[in-house]
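One structure is given here, and the rest of the page talks about it.
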């Protein structure tokens, strides 16, 4: 039996790690998972300023480890005494993985394998810093690797595993994708053998204290995406798995069994299910089977992600019957030039508005995603996006404009080089991506576009603000306005919960309680006592 420790850097989701843990445990191996910080901690404001940084730590743009956290990690690893350590991370934590790997190897004397999207996309570079690297989906490759380690077999020719051994790199081809996702065990969310390192402390639990995933259970019913956007890893995965069936779906029975088990065993009260599929809804027959079972056996509100080209009213009706609360639709831009030439997204303004209307007509709340801080976008593109935002039927919300990240080896980064905008980008330390150098103009467009989705701002009024030179030079004024509008419009500034609808629902719940037989009996008893 082998002992394996997976370390998830700044990612408590780490769904791939949790699946690999279950796979290895089914083979009889012992697996520990260490969650090192969390997604909510990926903030530049969380990183200590230079004058407070301690020698021996690692400090990047928005990820870091203090010397104490490093020592806590090493203490945990020495106690677990693994035969293999796996580091799972995204592009933002590449530098942290570089920093930790030689220290772990020196202190424990065991091999380190890297995995995750960043390693898959940048495997030629990443393999230089570790003993092994996993290319693509890792469940079966890690199983084969650990089983061979257990019997002393040759580990240099495993599909999807690259090996850096004795100065030679063994580059193995990618393995075939599992087509029947029901063959995988449920991901490992058990309380046993989980450690969280957070804020210079060791916490024996499955999640950091500041994550919404304590009340939201994340489930993935499909793997793969039907679209291939230039800024997303799906296009890259499609290339490495070319000739393989990329979009796969679990059976309804398998998904319901997982949710039922987690609902019964979750250590905290579950409030919502987060369906982590790239795009939902898709298959009508699957949804028709899913809806009555989910409503009857699970019965929790849930949400998912969708696309302007996926908004069939009959699918939305079935989702509503199942109990969906809201959908997050990735719009990204209202400019047809940007969508077609730069993002490889083939949806029109008309289609986006129609899908939004279909969602709202189905009585499903709508939140839209947009991308900003992108020097490929010009003034006309922003005005076209503003026009779309003003025309999408209300009410709907925007969480925040996502700054564009130009990841290494993504198609969008090649486009940026071709378009000659690299001088407008900067590369943070330890990050496998470029981002825009912040200018008042970019900040201005984030907040003027966000302003357009609130009630009370007509299109002519917004265009007057677009032409206001003072606002362009002082976008903090707009930022303050938008911040106050979020507080006034949404419960706890959360665009998923409209304050007026929230209060209306509270009033309805109160009326329902007051009209109940139990409450009437209570009032009568209270009057007699008085």
| What is the spin-label model distance, in nm, from residue 357 to residue 439 if the labels are put 7 Å beyond Cα along the C-beta direction? | 3.7 nm
| Beta bridge orientation in region 3-183: antiparallel %, DSSP, nearest 5 | 30 percent
| remark: So, for the Cα atoms of the chain, Rg and Dmax in Å stand at 24.9, 88
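Please give the contour-minus-distance gain from residue 483 to residue 125: 0.36 nm per residue of separation, less the Cα-Cα distance, rounded to one decimal in nm.
Numbers: separation 358, 0.36 × 358 = 128.88 nm, distance 4.16 nm.
Once the chain is fully extended between residue 483 and residue 125, it gains 124.7 nm.
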| remark: Most exposed first, judged by fewest Cβ atoms within 10 angstrom, 445, 396 run 396, 445
| Theoretical FRET efficiency, 1/(1+(r/R0)^6), r = Cβ-Cβ of residue 170 and residue 464, R0 56 Å, to 0.05 | 0.30
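How would 93, 458 line up from fewest to most surrounding beta-carbon atoms within 10 angstrom?
Values: 93 28, 458 10.
Fewest-to-most ranking of 93, 458: 458, 93.
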| Hey, quick one: spin label on residue 54, modelled 7 Å out along Cα-Cβ, who in region 68-89 has an amide N within reach, i.e. under 17 Å? | 68-76
| field | the chain, helix-only ellipticity at 222 nm - DSSP H runs n ≥ 4, -39,500 (n - 2.57), divided by all residues, nearest 500 | value | -12000 deg cm²/dmol
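Pairs of alpha-carbon atoms within less than 8 angstrom and 6+ residues apart define the contacts here; what relative contact order does region 1-135 have, in percent?
Values: 225 pairs, mean separation 32.2, N = 135.
Result for region 1-135 is 24 percent.
For the chain, give me the percentage of DSSP beta bridges that are antiparallel, rounded to the nearest 5 percent.
Working: 18 of 61 bridges.
Around 30 percent of the beta bridges assigned by DSSP in the chain are antiparallel ones.
Explain nothing, just the number: relative contact order of region 215-497, from Cα pairs under 8 Å at least 6 residues apart, as a whole percent.
Numbers: 450 pairs, mean separation 42.1, N = 283.
The value is 15 percent.
Which percentage, to the nearest 5, of the DSSP beta bridges contained in region 215-497 is antiparallel?
Values: 6 of 27 bridges.
That works out to approximately 20 percent antiparallel.
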| For the residues 348, 413, 65, what sequence is obtained by ranking on other C-beta atoms within 10 Å, fewest first? | 348, 413, 65
| field | Relative contact order (%) - criterion: Cα under 8 Å, at least six apart; region: the chain | value | 11 percent
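Would you mind getting me the FRET efficiency between residue 200 and residue 314? Use the beta-carbon distance for r and R0 = 51 Å, nearest 0.05.
Details: r = 53 Å, r/R0 = 1.03.
It comes to 0.45.
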| Label-point separation in nm, residue 268 to residue 494, each point 7 Å along Cα→Cβ | 1.1 nm
| task | Give the dimensionless ratio obtained when the Cα radius of gyration of region 3-183 is divided by 2.2 N^0.38 Å. | result | 1.02
| field | region 172-192-region 35-53 distance, computed between alpha-carbon centres (Å) | value | 32 Å
| task | Starting from the Cα of residue 251, step 7 Å along the direction of its Cβ; do the same at residue 379; then give the gap between the two resulting points in nm. | result | 6.0 nm
| request: Apply 1/(1 + (r/R0)^6) to the Cβ-Cβ distance of residue 150 and residue 293, taking R0 = 45 Å, and write down the FRET efficiency to the nearest 0.05. | output: 0.70
| Taking the Cα centre of each part, how many Å lie between region 370-447 and region 222-268? | 27 Å
| message | Could you give the length gained by full extension between residue 387 and residue 228, i.e. 0.36 nm per residue of separation minus their alpha carbon distance, to one decimal place? | response | 54.7 nm
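Since every read-out is calculated from the coordinates, none of them should be taken as a lab result. Every value quoted in this text rests on a predicted model; they were computed, and no experiment measured them. With ideal geometry, Cβ positions are generated from the backbone for all residues, glycine too; neighbour counts draw on all protein chains shown.
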